[in-house]
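Everything below concerns the one structure shown next.
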Amino acid sequence: MAKTFSQKPADVSRRWILIDAKDLPLGRLSSEIAKYLIGKYKPTFTPHVDGGDYVVVINAAEVPVTGNKEEAKTYYRHSGFPGGIKDASLKEVREHFPERIIENAVKGMLPKNKLSADRMQRLKVFPGSEHAHTAQTPEKVEVK
């Protein structure tokens, strides 16, 4: 009789993954990134253990979106003070902080639990094709 495998936090091995963002639409790209951050593709996946990988995303400024999302999609942020809500369209966010587009989309696709903050820290997004993690030798993954 086989026993259910349960991974221990000490047994976690993490890889560095490199993903180019200019190939896929935002939603499909974000779900693939979330899969690697959670570690759901690994045979050792355990829901209560954070066994995901580090993900480096390049060309975040060139991520395509479908339809009229460039003008219609709105991002909100709040200062915490009364009347402190601000909004920006996808086009405005892409001009000033293109990495926030992917970060917000991936954050929405992660489970809302105590592990999500640690998973988001392992996501490294860069607006151009250069990144600061060449020393970790991330392996390029083709996302379909």
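The values are calculated or read from the model by the stated rules, or taken from the named source; none is laboratory data. If you're wondering where the values come from, they're calculated on a predicted model, not measured in any experiment. Backbone-built Cβ (ideal geometry, glycine too); neighbour counts: all protein chains shown.
Name the residue that is surrounded by the fewest Cβ atoms within 10 Å (Cβ to Cβ), counting only residues in the stretch 26-37 that are under 16 Å from residue 141 (Cα atoms) and not small (Gly, Ala, Ser). If we take residues in the stretch 26-37 being under 16 Å from residue 141 (Cα atoms) and not small (Gly, Ala, Ser), then 28 is surrounded by the fewest Cβ atoms within 10 Å (Cβ to Cβ).
At least 1 residues being closer than 22 Å to residue 73 by Cα, of a type in the set (Asp, Glu) and in contact with a strand residue (DSSP E or B) (Cβ under 9 Å, 6 or more places away or on another chain) is the threshold, and among the helices (runs of 4 or more DSSP H) wholly inside the stretch 85-132 those reaching it are 90-96, 99-109.
Tallying residues that are under 16 Å from residue 101 (Cβ atoms), in contact with a Lys or Arg (Cβ under 7 Å, 6 or more places away or on another chain) and in a loop (DSSP other than H, G, I, E, B) within the stretch 43-64 yields 2. Within the stretch 68-81, identify whether any single residue is surrounded by 15 or more Cβ atoms within 10 Å (Cβ to Cβ) and among the basic types (Lys, Arg), and answer yes or no. Taking every residue of the stretch 68-81 in turn, at least one turns out to be surrounded by 15 or more Cβ atoms within 10 Å (Cβ to Cβ) and among the basic types (Lys, Arg). Filtered by the rule that a residue be under 18 Å from residue 28 (Cα atoms) and under 9 Å from the mean Cα position of the chain (by Cα), the stretch 109-126 gives 109, 110, 120, 123, 124, 125.
Residue 23 passes all but one of (1) within 22 Å of residue 138 (Cα to Cα); (2) modelled with pLDDT of 95 or more; (3) not in a strand (DSSP E or B); which number fails? In the conditions (1) within 22 Å of residue 138 (Cα to Cα); (2) modelled with pLDDT of 95 or more; (3) not in a strand (DSSP E or B), residue 23 misses (2) alone.
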